[in-house]
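The values are calculated or read from the model by the stated rules, or taken from the named source; none is laboratory data. Since we're looking at a predicted model, the values are computed, not measured. Using ideal geometry, Cβ is built from the backbone for each residue, glycine included, and neighbour counts are taken over all protein chains shown.
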Amino acid sequence: MLPTVQLGPLTLPVAPLLIIASFWIGIGVAARAGKRFGLNEDAILNAGFLGVVSGIVGARLWYVLEYFSYYQDRLGEIVSLNPNTLAPFEGILTGVVVAIIYLQSKKTPGAAFVDAVAPGLAAFAAGLSLANLASGAAFGEPANLPWSIDLWDARRHPTQVYDFLLSLGSLAVTLRLVSFSRPSGQVFGVFLATLAASRLLTEGFRGDSALLEGGWRTMQLVWLALLMAALAGLAWLDVRPARPATSISSAAVVAGLRPSHPAASVTEAANREQESVNE
């Protein structure tokens, strides 16, 4: 655990810095993947920036609205930034909506965008695991193993390291798929499936999650539902009817050729034959 780092007279919190760095690394990875799909890199970078800013503002405003009875006599505290006084779900929803609106204004294809974002999200998930390791969050159950770590006065499963390594695996898989796949939503589906499967596994070693009857944990059920949804989505993408083949005119335009009418082709062939006779 490394909650802070000392730089001269400054004491900096490590976890927030790792989260910020992971976010920008994830955006960069998504932008490069988007370029592979023919997307505008600036559009992805701008969407990410707008999504984060609007998400933070939205999370704060939703929290203030929920507890307005407290803030109505303390208006100055509304602009106070405190991670514990944010509404995370509403903030994420606000950020996603703003990013989607921006991308729609730029006419960004939805399938290409979600497939490009998939490796970026995997990179962000890996960085978030390191942030949890630095802060001591998402810690594991006590365990006396050769690779156990000392945390919160006990030897524990390094669940943050498990999550980090599995997120790197998801990143490698999604980057590989981006390198040869066409944008269809499948890369994003694979990311969701690998993320949910890995978290379903590591959640069993967590020491801070709520237990249910039967030994299951609350978040395991959430990850299991997400895994089932991702697999169902991948199955649907695999069996859905293929799009009609590209027309002759479209293919010709893509190939840089001028399409011709069949009758024109016959005429041109006759003209070439006549020219060869004259020679």
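Considering the range 203-224, and only residues there that are assigned to a helix (DSSP H, G or I) and either among the hydrophobic types (A, V, I, L, M, F, W, C) or in contact with a Pro (Cβ under 7 Å, 6 or more places away or on another chain) (or both), the residue that is modelled with the highest pLDDT turns out to be LEU224. Of the residues in the range 24-34, not one is out of contact with any strand residue (DSSP E or B) (no Cβ under 8 Å at 6 or more places or on another chain), without any contact (Cβ under 8 Å) to a residue 60 or more places away in the chain, farther than 20 Å from ALA122 by Cα and of a type in the set (A, V, I, L, M, F, W, C).
The lone criterion from (1) closer than 26 Å to ILE20 by Cα; (2) buried (at least 22 other Cβ atoms within 10 Å of the Cβ) left unmet by PRO183 is number (1).
Residues that are out of contact with any Asp or Glu (no Cβ under 7 Å at 6 or more places or on another chain), touching a residue at least 24 places away in the same chain (Cβ under 8 Å) and farther than 28 Å from LEU192 by Cβ do not occur anywhere in the range 159-170. Would you mention how many residues in the range 38-61 are surrounded by fewer than 18 Cβ atoms within 10 Å (Cβ to Cβ) and of a type in the set (A, V, I, L, M, F, W, C)? Residues meeting the conditions: 7. Looking only at residues in the range 131-147 that are polar (S, T, N, Q) and buried (at least 16 other Cβ atoms within 10 Å of the Cβ), the one that is farthest from LEU211 (Cα to Cα) is SER135. Selection over the range 46-89 of residues that are modelled with pLDDT under 80, β-branched (Val, Ile, Thr) and out of contact with any helix residue (DSSP H, G or I) (no Cβ under 6 Å at 6 or more places or on another chain) gives a count of 1.
Residues that are within 24 Å of SER181 (Cα to Cα) and touching a Gly at 6+ places or on another chain (Cβ under 7 Å) within the range 1-32 comprise ILE25, GLY26, ILE27, VAL29, ALA30, listed in sequence order.
With respect to the conditions (1) of a type in the set (Gly, Ala, Ser); (2) surrounded by fewer than 14 Cβ atoms within 10 Å (Cβ to Cβ); (3) closer than 16 Å to GLY26 by Cα, GLY127 falls short on a single one, namely (2). Modelled with pLDDT of 90 or more and under 30 Å from ALA137 (Cα atoms): does that describe LEU234? So LEU234 does not fit the description; no. All of (1) among the hydrophobic types (A, V, I, L, M, F, W, C); (2) farther than 29 Å from LEU133 by Cβ; (3) surrounded by fewer than 15 Cβ atoms within 10 Å (Cβ to Cβ) hold for VAL5 with one exception: (2).
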